[in-house]
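Asker: Have a look at this one before I ask anything.
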Amino acid sequence: MLLLSQFLKQQDTEDTLVDLIGTLMLACKEVAIQLREGELAGVLGSTDNTNVQGETQKKMDVIANDLLKKFLLDNPLVAGLASEEEDHPVGGNPEGKYLVIFDPLDGSSNIDINVSVGTIFSILELPEGMDPSQDEAYLQCGRKQVAAGYVLYGQSSVLALTTGHGVNFFTLAHTGDFILTREQVQIPADTKEFAINMSNHRFWEEEMRNYVGDLLQGSEGPRGKNYNMRWIASMVAEVHRVLTRGGIFTYPWDGRDPSKPGKLRLMYEGNPMSMLIEQAGGISSTCYKNIMDLEPQRIHQRSAVALGSKNEVEALLTYHAESG
Ligand code: AHM
Ligand code: MG
């Protein structure tokens, strides 16, 4: 049985990074406890507040954000943080080494119905001479991430983590330790499972409509196999399924609000999930470009996302290559 910290040390992870990931997991454990208590802890339901995205904050969005902030700002390694629930970055120790970007509770529309949610995080280094309380310090492309991961709060709480040497899963035990439960996760290259919010069909680009239309034709159509569909409305759960048994997950650009380049956020959803997917042998793209090659312009910037099994994402990309 290998604990998270023991495993990271075996992988020769820098001591500072082991320390920071340990701090993140302290906060996530607290989030897991609150979620487990649910109604009993009075944490379900919404607040009267709206976040920078214009979305009503759930009570747990705020609780998870406050917990992550509190634990991270107590760690002198943290130069600053940026969160889906914060309008602007929050400076920590200016001498600190790391910037942490997170979605404290992804899929929060699922909280009140007791379906899986998760915390997504991305770790960058503070570039020399940059101010960690200013957006510019954080606007680094996904390739610069030194670590990324999520904690899925499901039947069990599972950490999926990469420090750039593959993807490993750790399960939260009753002792409070994260224990290695799956090593060097690899996504099967082929799949018969797709995840997309079909209710947006009429707003998609023609390329996406053609691709999904071909999937729906099953073994009679050009793809020659019968597909199954899943939609949890929780990116963490969706990506966990893809990492565990393959599949394709996409939240594509759609024309509901043409000024938005997608629903999901690049810095705290797109980039960390893309690092995990690529490290597990999959592909993660906007449909036109690898997500981790995008040069971010704003912290809360959105992006189209299509990720998962290599051969399936490549098939999707061919529909776009002809027009792109
Ligand atoms: P959130 O960060 O506000 O929870 O929004 C992100 C979530 C993703 O987890 C999920 O893929 C998507 O929104 C679901 O959206 P939809 O409402 O279209 O099902
Ligand atoms: Mg989210």
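Asker: Taking the condition of being in contact (Cβ under 8 Å) with a residue 60 or more places away in the chain, within 16 Å of ligand 1 (Cβ to nearest atom), surrounded by fewer than 19 Cβ atoms within 10 Å (Cβ to Cβ) and under 19 Å from the mean Cα position of the chain (by Cα), how many residues in the stretch 12-63 meet it?
Answerer: 2
Asker: Still on this structure, please answer the following. So, of the residues in the stretch 116-138 that are more than 19 Å from residue 42 (Cβ to Cβ) and in contact with a Ser or Thr (Cβ under 8 Å, 6 or more places away or on another chain), which turns out to be nearest to ligand 1 (Cβ to nearest atom)? Spell out how you get there, then give the answer.
Answerer: Quick first cut of the stretch 116-138, residues more than 19 Å from residue 42 (Cβ to Cβ) only: 116, 118-138.
Then keep just the ones that are in contact with a Ser or Thr (Cβ under 8 Å, 6 or more places away or on another chain); that gives 116, 118.
Details: 116: 10, 118: 8 Å.
So the residue we want is 118.
Asker: Counting only residues that are part of a helix (DSSP H, G or I) and touching a Leu at 6+ places or on another chain (Cβ under 9 Å), how many does the stretch 133-149 have? Steps first, answer last, please.
Answerer: Of the stretch 133-149, the ones part of a helix (DSSP H, G or I) are 135-138, 142-144.
Next, from what is left, pick out any that are touching a Leu at 6+ places or on another chain (Cβ under 9 Å): 137-138, 142, 144.
The number of residues fulfilling the criteria is 4.
Asker: When you scan the stretch 243-322 for strands (runs of 3 or more DSSP E) that lie fully inside it, which ones turn up with 2 or more residues that are within 14 Å of residue 190 (Cα to Cα) and at pLDDT 95 or above? Lay out the reasoning, then the answer.
Answerer: Numbers: elements: 248-251, 283-285, 305-308.
In the stretch 243-322, the matching strands (runs of 3 or more DSSP E) lie at 248-251, 305-308.
Asker: Taking the condition in a helix (DSSP H, G or I), closer than 27 Å to residue 101 by Cβ and more than 16 Å from ligand 2 (Cβ to nearest atom), does residue 238 pass? Give the steps one after another, and end with the answer.
Answerer: Details: in a helix (DSSP H, G or I): yes; closer than 27 Å to residue 101 by Cβ: yes; more than 16 Å from ligand 2 (Cβ to nearest atom): no.
When the stated conditions are applied, residue 238 does not pass them.
Asker: Would you check if there is a residue in the stretch 207-227 being away from ligand 1 (no atom under 16 Å from the Cβ), polar (S, T, N, Q), in contact with a strand residue (DSSP E or B) (Cβ under 9 Å, 6 or more places away or on another chain) and not in a loop (DSSP other than H, G, I, E, B)? Don't jump to the end; show me each part of the working.
Answerer: Taking the stretch 207-227 and keeping what is away from ligand 1 (no atom under 16 Å from the Cβ), we get 207, 209-211, 213-227.
Those still in the list that are polar (S, T, N, Q) too: 210, 217, 219, 226.
Still in the list and also in contact with a strand residue (DSSP E or B) (Cβ under 9 Å, 6 or more places away or on another chain): none.
No, because not a single residue in the stretch 207-227 is away from ligand 1 (no atom under 16 Å from the Cβ), polar (S, T, N, Q), in contact with a strand residue (DSSP E or B) (Cβ under 9 Å, 6 or more places away or on another chain) and not in a loop (DSSP other than H, G, I, E, B).
Asker: Here is a further query. Taking strands (runs of 3 or more DSSP E) that fall entirely within the stretch 48-117, which contain at least 1 residues that are of a type in the set (Val, Ile, Thr) and modelled with pLDDT of 95 or more? Show your work before the answer.
Answerer: Numbers: elements: 56-58, 78-83, 98-106.
By residue number, 78-83, 98-106.
The values are calculated or read from the model by the stated rules, or taken from the named source; none is laboratory data. Keep in mind it's a predicted model, so treat the numbers as computed, not measured. Here the Cβ is made from the backbone with ideal geometry for all residues, glycine too, and neighbour counts use every protein chain on show.
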